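Below you'll find the structure, written out as structure tokens, and then a few comments.
The values are calculated or read from the model by the stated rules, or taken from the named source; none is laboratory data. On a predicted model such as this, the values are computed, not experimentally measured, just so you know. With ideal geometry, Cβ positions are generated from the backbone for all residues, glycine too; neighbour counts draw on all protein chains shown. Just so you know, the surface numbers come from the protein's heavy atoms only, side chains and all, with ligands and any DNA or RNA stripped out. Shrake-Rupley method; radii C 1.70, N 1.55, O 1.52, S 1.80 Å.
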Amino acid sequence: MALCVFAPALHAELVTVDGATWLRGEILPPDLLALSRRAREPGLVLHLDSRGGNLTSAIAIGRLLRAMKATARVEAGASCLSACVLVLAGAPHRGIAPGAAIGLHRPHDDEDERLP
């Protein structure tokens, strides 16, 4: 008898698939560190597929993309929702394919008392 336990990832995945860099899943503080390790990659294109996550981390990732002069893309069938939109907005170059889902709501951050 075997017991299998599946736990959600502690943060989004930053993975390379067929030469493309993807940020998938919930955006959390470790994602900024993982992306900053790639800051020297010239012409980075970050493909997004995320339902959101930590607001402060998303803003910081967007600022990093801007400093890197990177491109953020949301491909057909992928989504960029909630805090992910701040990553997309932060990139100086953006692309949204037909069939991609983009969604935003009033931002909130339970850990930041400055936000209502």
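Here are the numbers for this structure:
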{"read-out": "Residue that is open to solvent by 10 Å² or more (accessible area, probe 1.4 Å), in a loop (DSSP other than H, G, I, E, B) and touching a residue at least 24 places away in the same chain (Cβ under 8 Å), where the choices are A76, A60, A89", "value": "A76"}
{"read-out": "Selected residue (only one of L48, L65 is under 26 Å from G99 (Cβ atoms), outside any strand (DSSP E or B) and aliphatic (A, V, I, L, M))", "value": "L65"}
